[in-house]
Each structure stands twice: as C-alpha cells, then as structure tokens.
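Shown next, in structure tokens, is the structure this report addresses.
Laboratory data are not the source of any read-out in this text; all were calculated from the coordinates shown. A quick note: this is a predicted structure, and the numbers were derived from the prediction, not measured. For neighbour counting, all protein chains shown are included, and Cβ atoms are generated from backbone atoms with ideal geometry for every residue, glycine included.
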C-alpha cells in the first residue's frame, strides 16, 4: 500500500472491514454515520501507510486505533451539532466500551458472526438488515418486502433465535 | 447481545456491535470498497515513492494464519468436489468469477473517472469559488479564467488562445498579493493554445490582488521576469 497499490487497500478492506465497522459501531449508533467513518478509517490507513510500524503493534491494533479516533471525532461533531446528548447515559457509555466487549472485538469472532448471518435464509437476513441497518419498523419491512406482517415477525423471531444460538456459542468459546 | 443504547422497537432485539456490523448489506460494503479503490487510484496517480506499507506487514502478520486457513479451505473444497464431482457447476462459477472480475475493474475505472470529474466540478462550482478573469496584455487575444475555491484552497486555471512558445520557454502562473508574487506553477499549451492548470495553495481571502501569466525560461523562475501574457485583477467577490 505504501507503494500506491490500490488493490492492497482493497485487500486490507476485505480482511479488516468487519472488525473496523464493529469498532466504529461501538461508538456511533447510526449505520450511515458509521459507513462514512469506516471509509475514512481505511482512507487514513492508505494515506498514512508509511507511518505504520509493525514493531509497535499489529495492523489490527493500528486500524482499531484509527477507527476509535475517527469515531470519537464524529461523535464530538455530533455533540457540537446537538445530534447527541452527552447527558444521556447511553451515549456516555459508548465512549468507553467495557473490557469484555473489547475482548470480543477481533476479526475472527466477527467473521464467525458473519458466517452465522450468512447461514440464515435470505429473507430472514434481509428482514434483519432492514430493521437494523435501515431502521425500519416491522410494518415498514412488511410493506417493503411485500410480505404479511405476521410473516415478517416470524422471520425476525427465527433470525434472532438463530443468532442467539450462534452468539452464545461464541461466548462459550470465549470463556 | 448486550450492547443496547436505545429502547428497541417492537420485534427488534438489542445486538452487539459485531453483529450490527455484520448486518451491513453487502451492496453497501461493496460500494464503500469501490469508492476507496477509486479514491486510492486517483490518489496513487499523484503520489510517488515506495516502501513497505501496512498491507505488506499485514501479509506477514497474517501469513501463517492465511496458509493454515488456505490449506483448510483447499481440503474442504477438494472433499466437496470429490463428493459432488460437479465439473459443470465449477466451470460456471469460474465464468461468473471472471465476469465479476471484469465488471469490478470496469466499475473501479469508472469510479476513478467520476472522482476526477467530481473534483474538477467541485473546484469550479463550489459555493465559495471566486472567479478572476484574465485578459490579454498583448495584441493577440489570449483569455483565461482562474477559479479559486476558497473553501479548499483549490485553484483551477483555464486558458484559451495562448500563443505557442519557442524552445526553452514556458508559461508561469502567478498569484499576486500586495507583498508577494507567488508561483502557482509552469505550464505549456496545446496546439490550439489551450491549457488547464490545477494547483492547491492556501491564501488569505483578502490577500489576492491579481492573477497573471508570464513567459519565462523553461523550468520557471522565482520571481516573474518575462513578458506578461494575461493578467486579471482580483475583484471582491
């Protein structure tokens, strides 16, 4: 990447995008904001590739450091604009994520979660994406997917159930 | 699944950041990747130098893991192929992969072109772009415009009908302030006498008094010495 090979950047993105995204989403709630920040994290990595020193840490810790810094910048920006209330306990808690959550943040576990999601039937995964990424209500999802509301509820319930199983398996492995 | 920052709407359960990250639609992730590659390609064209970067380091860091993972994948793939022996599907998949690769390259290329044009458009149409018209100081009729995007300090100079220069000569663009004459670069013109120069230089918004082009020895000079070809006073925007 230091030699200006954009494919190296694509490779870095492919390998660590999920880890970076998770790091950003710990601090920023809105997926759209996170998307901008994820792009900026990798862009900064591209621009500052020459500064990376492998003797001072891994690529993952370097990217996480950039991600945290850029996310906090964006959060401060939102606070200045009044989009986030610092008095809100929830907002305060996301600035300093707990150690246990931090331990979960590594690329391998993220990849396992993604695999679990990939194993969901397409319509269940789509329902989750619409709910969590686009923030749609179940009624809106039903309308968008041209599906009865009851079906949407069932799909989301089954998807959550499957995810819970996968994630509890993850926790079991982590301990 | 403990990371709950807000009361969840009906039917939605709190998910941790990793899961929420994994729920990002593939199309969104792919679009971000394409934008990054296009930006990098555009940026790479203007950057020089070489040296190992984090990706090289990443390759070293993850080398053994990649090898183990690769061997596992290869073993799994071999078993599947033995069991299914479905050559036709494999060929089809290869064809799709090839087509996808071609399309991805095409998208990347288009992305680069779009980024480049967006940059030019932004430097011409930004809300804080200031325009300086330059008129001829000679009998010929060269004319030029300087767009100064004060928000980004981007300067875009466009000239027409510029006279052809002799060997060893060049045009040099100047930003003139009350105290200094700042070189914004040297340039040559096309056979039709056209030229576009893009530069980046921070300047106080009130400092610019004029923009000028002089004819100078090849390589340019520290201060203008030659004939002034076009000049424009910087009015107040």
Inset, instruction - Using a Förster distance of 45 angstrom, determine the FRET efficiency expected from the C-beta separation of residue A:32 and residue B:73, and round it to 0.05. - result: 0.85
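How many partner chain Cβ atoms sit within 10 Å of a residue's Cβ in peptide A:19-27, on average, as a whole number?
Values: counts 2, 1, 9, 8, 3, 2, 11, 7, 1.
Going residue by residue through A:19-27 and averaging, the value is 5.
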Inset, instruction - Evaluate E = 1/(1 + (r/R0)^6) for residue B:95 and residue A:115, where r is the Cβ-Cβ distance and R0 equals 22 Å; express this FRET efficiency to the nearest 0.05. - result: 0.25
Inset, instruction - Provide the FRET efficiency to the nearest 0.05 for the residue B:133-residue B:105 pair, computing r from the beta carbons and using R0 = 51 Å. - result: 0.75
Inset, instruction - Using label points projected 7 Å from each Cα along Cα→Cβ, tell me how many nm separate residue B:222 and residue B:158, to one decimal. - result: 3.6
Inset, instruction - Determine, for each peptide in B:28-34, B:191-197, B:163-169, B:18-24, the mean count of other beta carbons within 10 angstrom over its residues, then list the peptides with the highest first. - result: B:18-24, B:28-34, B:191-197, B:163-169
Legend entry - Contact order relative to length of segment A:122-163, as percent, for alpha carbon pairs under 8 angstrom and 6 or more apart: 45
Inset, instruction - Give me the distance in nm between label points sitting 7 Å out from Cα along the Cα-to-Cβ direction at residue A:145 and residue B:169, one decimal. - result: 7.3
Legend entry - Separation in nanometres of the label points that stand 7 Å from Cα toward Cβ, at residue B:116 and residue B:182: 2.7
Legend entry - Neighbouring partner chain Cβ atoms per residue of B:26-32, average, 10 Å criterion: 4
